[in-house]
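Quick notes on the structure that follows.
The values are calculated or read from the model by the stated rules, or taken from the named source; none is laboratory data. What you see is a predicted model; the values in this text were computed from it and never measured. Counting neighbours? That spans all protein chains shown, and the Cβs are built from the backbone with ideal geometry, glycine included. Heads up: the accessible areas ignore ligands, DNA and RNA and are worked out on the full protein's heavy atoms, side chains in. Shrake-Rupley method; radii C 1.70, N 1.55, O 1.52, S 1.80 Å.
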Amino acid sequence: MVTGSDRSYCRDVSAVLSTPWGPSGEIVYRRSYRRARADGSPEEWPDTVERVVDGNLALVDRRHHLPDERRQLIELFLQFRALPAGRHLWSTGIRDRQHVFNCHAAGWESNDLAAHFGFVLDQLLQGGGVGTNYSNRFLRRLPAIASAPTLTLVCGDAHPDRAALDRWNVTSTPATHGERHVVADSREGWRDALVRLIRAHQLPGTQTLEFDLGGVRPKGAVIARHGGFAAGPAALAKLLRLTSDMLRVLVGSQLDSLDAMALDHLIAETAAAGGMRRAARMSIKHWADDDVFAFIDAKRHGDGQWSTNLSVEIDDDFIDLVERGHDRAVAVLRRVVDGMLTNGEPGLWNWSLANADEPSEVTTPNPCGEISLQPWESCTIGHVNLGAFEDDIDAIADAHRLMARFLLRSTFATITDARQRGVVGRNRRIGVGHFGYHAWVLGRGVRYSDSHRDPSIRSTLRHLHAVTRQAADEYAAELGVPSPVKVTTVAPTGTVAKLAGASEGIQPIYARHYLRRIRLAAGSEEATALQERGFAVEDDAVVANTVVATIPTRDTLVADVRHRWGARADGLVESADEVSLRDFLGVQAMYQECYADNGVSATAHVPEGAWTVQELAAALGAFLRRLKGTTILVEGRWVQAPYERISEAAYLSFAARTEGSGVATCGDVSTRRCGQRRS
């Protein structure tokens, strides 16, 4: 039970210490995490912190709280010294809606094709990301499509969205025969309709299905409890109609990788149709599959699979063959590298390293690559802002202990899928990660490029992993649950790091000056306010009902380092384009070896034209055994990229055309592919 004095504590602290927003931080907060208070007014940051801390503590009995744990968490979160992942900021403390798990692994069931696709829709509609392994060893066990049922979609003429339904052949008159289902206006209702449709295609014989969409709320209606806006019945009609059309042509055969990916992408488009969800996915395929080259090229000629990242599954056998010059393995690596140099797709995922010390096989990483998961498993993550502590190792260690406890409690949150409850209950997987790494090493007088060779930094990271492991083990024993199988990670921390204006994950600063692009719901209060202040706001080139605001930005890190180190500063600070690929991958490998028992999500940026396919393949070869995931992007290849490097003169010119001096300074940095499309 929270006392009145405890309730006031968050406000008391915030009154004394102002919120240290990064320049785009408050915009991101209002867009992504602020909810309505009980009286209907919008939250402010102290309200959100209080909701999240109290909601998390309420997941276990109060006797399992530390005496001052609430206050310690409030102080950490208010000042951005540590933060749970965005899923926690949005969902924790919402009654019956504590869907706090970041991402999920969608498995396959040999006797039920619909199990996978229903799970994907369910999790995407809850705002989580989904990873899937489409390797042939899984798909060849799936049932064939047995029949092509007749599908009728119905919605009465009085529905506000009636005109939009004509495109999907939705009639206003119910059929007089066949199996009729009224679709409930809920996430469960949409999922059940899709599952029912797919299962009908698994049954032999002639069938007729009718779905009544009349009870589905119109497009744009507010979803009060979950937040955001309704996609409307036309989005569901499109999903059901195109799913039926896709399966109809496959009667007598199994889905192959690209078929299954296409259906999952259609599901993701449906989940994103309300304009508030980014519908993040990861697609994995084994390097030895006979159709792996088609998978590698799936996004080469357009963005038809914009909802997913692609990664090829490699293993120790693959690396051995590459080192011996095996034709097939070398050809796969070079095609992957060619894709990286073309559009950043695909990446690489090391199955052998990811499965080290796992109790059962992990089959896919989450969409950003920092956590590898068993089928139906989910992950829960949070982060410590290393740069906020300077070099107070004891305080940093305390923050890791508190985040480990916070995340272990979060595994008791709502899980609606029985398969997922089982695997989460066994594994209790958590991921305490970092952001602000670049500021932290600079505070120790170490250049980013040299940090992976610094014995003190390596030793400190090992110590922080040990602290986190011990805290998780001790708390699990107290709670009477299994110790988490893994406890540490490095995530991209995109929007979370933006709240504080800190460098994301373990990335170096992107540039001293750049354009920062933020995606917002079309017509939102934040988009309108930015446009009125003179910032450029345009339609998103890929995602419907979304706009992109462009903000001129100056990074603060250079000035901070100059203040601390004086004349040494110019030799210490490097931006991403000044860090060699070998040193960047060296930092990632150091983190994988010294800190992260889960994965490390980091994206290497290379200049256009700087590498040939053969050169880059050779450079990556030295790190394949040391990294669970590898992602490389070529600068300047993205339309409406989250970041665009500019000169100081260009920054000043842009800023002069916006309100005052624009957004003065920021510590935002580049992120991996999941940020490229979902910033």
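Worth a mention:
- 27 Å tail of the calculated P(r), region 106-242, as % of Cα pairs: 25
- Treating each Cα of the chain as one equal point scatterer and applying the Debye formula with no solvent, the log10 of I(q)/I(0) at q = 0.09 Å⁻¹ comes out as -0.76.
- Other-chain or far-sequence residues with amide H under 5 Å of T488's (modelled H): V432, D597, N598
- Computed over region 453-583, the ratio Rg/Rh where both radii use C-alpha atoms and Rh is Kirkwood: 1.09
- Kirkwood-based shape ratio for region 267-340, expressed as Rg/Rh from alpha carbons: 1.09
- Residues whose placed amide H lies under 5 Å from that of H181, excluding near-sequence neighbours: E210, F211, D212
- For region 589-601, the Karplus equation 6.51 cos²θ - 1.76 cosθ + 1.60, evaluated at θ = phi - 60°, returns couplings of 5, 4, 5, 5, 7, 9, 10, 8, 7, 7, x, 10, 9 Hz by residue, with Gly and Pro reported as x.
- Residue-wise HN-Hα couplings along region 47-63, as the Karplus relation 6.51 cos²θ - 1.76 cosθ + 1.60 with θ = phi - 60° gives them from phi, are 5, 5, 4, 4, 4, 5, 5, 5, x, 5, 4, 6, 6, 10, 4, 4, 5 Hz; Gly and Pro carry x.
- The distance separating the Cα centre of region 633-657 from that of region 305-320 comes to 31 Å.
- Taking 0.36 nm per residue of separation and subtracting the current Cα-Cα distance, fully stretching the chain between E361 and R453 would add 29.9 nm.
- One Cα centroid belongs to region 151-194, the other to region 77-124; the line between them spans 28 Å.
- Fully extended contour minus Cα-Cα distance, from E648 to A544, at 0.36 nm per residue: 34.1 nm
- With each label modelled as a point 7 angstrom along the Cα→C-beta vector, the D297-A146 pair spans 3.6 nm.
- Highest average packing first - 452-464, 495-507, Cβ atoms within 10 Å: 495-507, 452-464
- Residue ranges 611-618, 540-547 sort as 540-547, 611-618 when ordered by packing (mean number of other C-beta atoms within 10 Å per residue, highest first).
- Length-normalised contact order for region 309-369 - Cα pairs under 8 Å, 6+ apart - percent: 43
- Region 366-446 shape via C-alpha gyration tensor axes, a/c threshold 1.5: prolate
- Normalised by residue number, the volume inside the convex hull of the Cα atoms of region 38-168 is 228 Å³ per residue.
- Where labels lie 7 Å past Cα in the beta-carbon direction, separation of R533 and D391 in nm: 3.7
- Atom-type composition of the exposed protein surface of the chain places 50 percent of the accessible area on carbon and sulfur (1.4 angstrom probe).
- Normalised by the number of residues in region 352-450, the average gap of Cα pairs under 8 Å and 6 or more apart makes the relative contact order 33 percent.
- In this view, the solvent-accessible surface of K219, computed with a 1.4 Å probe and all protein chains in place, comes to about 110 Å².
- Seen from all directions on average, region 323-366 presents a Cα convex hull projection of 4.3 nm².
- FRET efficiency, 1/(1 + (r/R0)^6) with R0 60 Å, evaluated for R657 and R625 via beta carbons: 0.75
- Between amide H atoms placed 1.01 Å from N, distances below 5 Å from C103 occur with G129, C379, all of them 5 or more places distant or on a separate chain.
- With protein chains left intact and a 1.4 Å probe, residues in the chain average 36 Å² of accessible area per residue.
- Model label sites at R462 and R328, defined 7 Å from Cα along the beta-carbon direction, differ in position by 4.0 nm.
- The angle between the Cα long axis of helix 187-200 and the main principal axis of the chain comes to about 50°, on a 0 to 90 degree scale.
- Relative contact order %, the chain, counting alpha carbon pairs below 8 Å whose residues are six or more apart: 15
- Burial ranking of peptide ranges 380-391, 253-264 (average Cβ count within 10 Å, highest at the top): 380-391, 253-264
- Contour excess over end-to-end distance, with Cα ends at A175 and A221 and 0.36 nm allotted per residue: 13.7 nm
- Among residues other than F293 with Cβ under 15 Å from its Cβ, the summed charge is -3 (Lys and Arg +1, Asp and Glu -1).
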